[in-house]
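Following: one structure in structure tokens, then a few remarks.
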Amino acid sequence: MKSHARSAKKRTGGRRRPVRKKRKHEMGSAPTETRLGDAKLKIVETHGGNTKVRAIAQSVANVATDDGVVSADIEDVAENPSNPNYVRRNIITKGAIIETSDGRARVTSRPGQDGQVNAVLLDE
């Protein structure tokens, strides 16, 4: 289980003694790997009673062009600098280059956090 507790190592590389065990407010979660497919959203409650919309799967992207923003269908994940394995698994993250019906675009939003895919059209 991921945790947002203080690191057990100091900047110098020395060890810190644990002050206590893990607490609920330090709890982390597994990353939401947004897949290419029919739109599927999940609403998650966050700290303070707020909510986040996580995109489990998405097939449409809001693509910014010179003329304005258009809604384009996502056809494929072309590149993903964060993890080459994500290309094979068609996982969309921020910075991924996707093939859309309007051309290639780079994802500028975080679909696992925002619940939508925003992208900027690349010059070919």
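The values are calculated or read from the model by the stated rules, or taken from the named source; none is laboratory data. Everything numeric in this text was worked out from a predicted model, so none of it was measured. Note: ideal-geometry Cβ built from the backbone for every residue, glycine included; neighbour counts use all protein chains shown.
Kindly establish whether Asn118 is in a strand (DSSP E or B), polar (S, T, N, Q) and either within 14 Å of the chain's Cα centre (by Cα) or modelled with pLDDT under 95 (or both). Considered against the rule, which asks whether it is in a strand (DSSP E or B), polar (S, T, N, Q) and either within 14 Å of the chain's Cα centre (by Cα) or modelled with pLDDT under 95 (or both), Asn118 comes out as yes. Within segment 9-59, the residues that satisfy the criterion of being at pLDDT 90 or above, among the hydrophobic types (A, V, I, L, M, F, W, C) and surrounded by 10 or more Cβ atoms within 10 Å (Cβ to Cβ) are Leu36, Ala39, Leu41, Val44, Val53, Ala55, Ile56, Ala57. Gly48 falls short on exactly one of the conditions (1) assigned to a strand (DSSP E or B); (2) more than 22 Å from Gly103 (Cα to Cα), and that condition is (1). Pairs meeting the criteria (first residue in segment 43-65 and within 21 Å of Ser29 (Cα to Cα), second residue polar (S, T, N, Q), beta carbons under 6 Å, at least 6 apart or on different chains) are Ile43/Thr51; Glu45/Thr51; Lys52/Thr46; Arg54/Thr32; Ala55/Thr34; Gln58/Thr34. Whenever a residue of segment 1-29 is within 20 Å of Thr46 (Cα to Cα), its partners that are polar (S, T, N, Q), lying with C-beta atoms within less than 9 angstrom and at least six residues away or across chains, give the pairs Met1/Ser29; Lys2/Ser29; Lys22/Ser3; Arg23/Ser3; Glu26/Ser3; Met27/Ser3; Gly28/Ser3. Within segment 108-121, residues that are surrounded by 15 or more Cβ atoms within 10 Å (Cβ to Cβ) reach no partner that is modelled with pLDDT of 95 or more and of a type in the set (Asp, Glu) with beta carbons closer than 8 Å at six or more positions or on different chains.
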